[in-house]
Amino acid sequence: MVRLAVAVWPPAEVVATLSALQRPSVPGVHWSSPPQWMVKVRPLGHVDPAVIDPLRDVLERELGGAPAPSCVLGPATRRLGGQWLGARVAGLDELAAVVFEVTEDLVPVTHPQPFHADVVLARGRVPARLAGMPVSARWTARELALVADRSSPHGPRFEDLLTIPLTATGPISMPGR
């Protein structure tokens, strides 16, 4: 099994903004690092490797040349389920809806809907006081990636198995419509 997600990666200027956030030492809180700052539009979870090629095919077919969405980070950090600290990323809802729709026959949807995109900044026992730190940025997502998480106790390791340019203008059309 391989852990997969469909995601967009923030550009260097957004990574710099996130890097500038204060990271107080808090027992039980593990701060993430820039290589982990993907914005998942669909977490796929642990998937049989036999599904990777069909996922690539459907994502390329249905999303190649899709509009490049405008992303808005923030305006502040927020607690996610008490186990994560994140920053909301708005602007990816239409893209995420299409990704969920075109992949659900291959990987059943198990996450609560509607899914909200965030950059995860910390994990562990995240205290409420860490929520509300101001953070904001804007960018245009120029690619969508199918990402394999091959992280280990030695550190994060992500591999883009596929990148799809997002370039067209206008609304995203839903498959079959």
Relative to the chain, whose Cα atoms define the longest principal axis, helix 93-103 and its Cα axis are tilted in degrees, nearest 10, by 60 degrees
Note: Thr167 to Arg23 extended length (0.36 nm per residue) minus current alpha-carbon separation gives 48.3 nm
Once amide hydrogens are built 1.01 Å from N within the peptide plane, the residues lying 5 or more places from Ser32 or on another chain with amide H under 5 Å from its amide H are Ala122, Arg123
From DSSP H assignment alone, runs of 4+ in the chain each adding -39500 (n - 2.57), the sum over residues rounded to the nearest 500 puts [θ] at 222 nm at -5000 deg cm²/dmol
Those trypsin sites (Lys or Arg not before Pro) from segment 45-121 that are DSSP loop and have at most 13 other Cβ neighbours within 10 Å turn out to be none
HN-Hα couplings for segment 130-143 via Karplus (6.51, -1.76, 1.60; θ = phi - 60°), in whole Hz with x for Gly/Pro, come out as 7, 6, x, 5, x, 7, 8, 6, 9, 7, 9, 6, 9, 9
So, with points 7 Å from each Cα along the Cβ direction, the Met1-Arg56 label distance in nm works out to 2.3 nm
What the Cα atoms of the chain span along the principal axes, largest first and in whole Å, is 48, 36, 27
Extension length gain for Ala90 and Glu104 (0.36 nm per residue less Cα distance), in nm, is 2.8 nm
Ranked by GNM mean-square fluctuation in the chain (Cα springs under 10 Å), the top entry among Pro153, Pro24, Pro134 is Pro153
The alpha-carbon center of segment 7-32 and that of segment 83-150 are separated, in whole Å, by 14 Å
Using the Cα gyration tensor of segment 1-75, the equivalent ellipsoid's semi-axes, largest first and to the nearest Å, work out to 29, 19, 8
Computed about the Cα centre, the charge dipole of segment 2-165 from +1 Lys/Arg and -1 Asp/Glu charges at the Cβ has a magnitude in debye, to the nearest 20, of 1020 debye
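Read-outs: derived from the displayed coordinates by stated rules, not from any lab. Keep in mind that this is a model prediction, so the values were computed, not measured. Here the Cβ is made from the backbone with ideal geometry for all residues, glycine too, and neighbour counts use every protein chain on show.
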